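Written below as structure tokens is the structure these notes are about.
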């Protein structure tokens with residue numbers, strides 16, 4: 001059974017994915033990492049890469065449709081943790097999780113974990129870029145697919161990570177996941 005994760009920035013997705021992978025012996029596939037690798041091959045930051053799509057919607061559709069088609073090649077029985085914006089839409093039978101966090105908390109987490117190699121040289125620019133990215137994601141996927149990726153009713157489980165540690169989020173997901181898969185059997 002595939003577990004999909006979509007998240008707001010800094011909602012513990014990376015750490016939670018790792019914990020789930022270790023517990024379930026699942027492979028982690030990150031569409032975001034695939035995009036980062038493509039951007040790197042083009043000598044771009046991920047923000048510059050995303051800007052290609054913002055400035056030229058045809059290119060956004062071309063890139064995004066490739067990622068979405070790639071996700072559709074997986075079987076529901078694959079042992080994968082997939083982090084992607086549209087995975088819940090590509091395969092609604094998967095176990096789809098959304099990790100949320102308040103803006104104030106993700107600003108705090110950015111401040112605590114900010115890396116100087118992020119898309120910008122200043123923390124304020126990173127916060128602004130992440131806010132703009134969320135808005136762009138929402139607008140783009142509405143235009144491309146008529147889907148609001150932030151409509152939480154589309155997910156099997158929504159967790160507000162604001163006041164939780166990654167380990168608490170992991171425990172909540174694993175509990176729901178076991179119930180979900182048990183109900184299917």
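The values are calculated or read from the model by the stated rules, or taken from the named source; none is laboratory data. What you see is a predicted model, and the numbers here were worked out from it, not measured in a lab. Backbone-built Cβ (ideal geometry, glycine too); neighbour counts: all protein chains shown.
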Please tell me if residue 175 is at pLDDT 85 or above, farther than 17 Å from residue 7 by Cα and part of a helix (DSSP H, G or I). yes
Could you tell me which of the residues 126, 169 is surrounded by 15 or more Cβ atoms within 10 Å (Cβ to Cβ), under 18 Å from the mean Cα position of the chain (by Cα) and at pLDDT below 75? 126
Filter region 132-161 down to residues that are at pLDDT 90 or above and buried (at least 16 other Cβ atoms within 10 Å of the Cβ) and give me whichever is farthest from residue 102 (Cα to Cα). 156
Could you check residue 175 against (1) surrounded by fewer than 12 Cβ atoms within 10 Å (Cβ to Cβ); (2) under 30 Å from residue 48 (Cβ atoms) and say which number it fails? (2)
Evaluate region 18-30: report whether one residue or more is modelled with pLDDT under 70 and more than 18 Å from the chain's Cα centre (by Cα). no
Would you say residue 45 is out of contact with any strand residue (DSSP E or B) (no Cβ under 7 Å at 6 or more places or on another chain) and modelled with pLDDT of 80 or more? no
Among the residues of region 151-185, write down those that are in contact with a helix residue (DSSP H, G or I) (Cβ under 6 Å, 6 or more places away or on another chain) and under 17 Å from residue 106 (Cα atoms). 158, 159, 161, 162, 166, 169
Determine whether region 91-109 contains at least one residue that is closer than 19 Å to residue 35 by Cα, modelled with pLDDT of 80 or more and buried (at least 19 other Cβ atoms within 10 Å of the Cβ). no
Where residues in region 24-53 are touching a helix residue (DSSP H, G or I) at 6+ places or on another chain (Cβ under 6 Å) and surrounded by fewer than 16 Cβ atoms within 10 Å (Cβ to Cβ), which of them is nearest to residue 95 (Cα to Cα)? 36
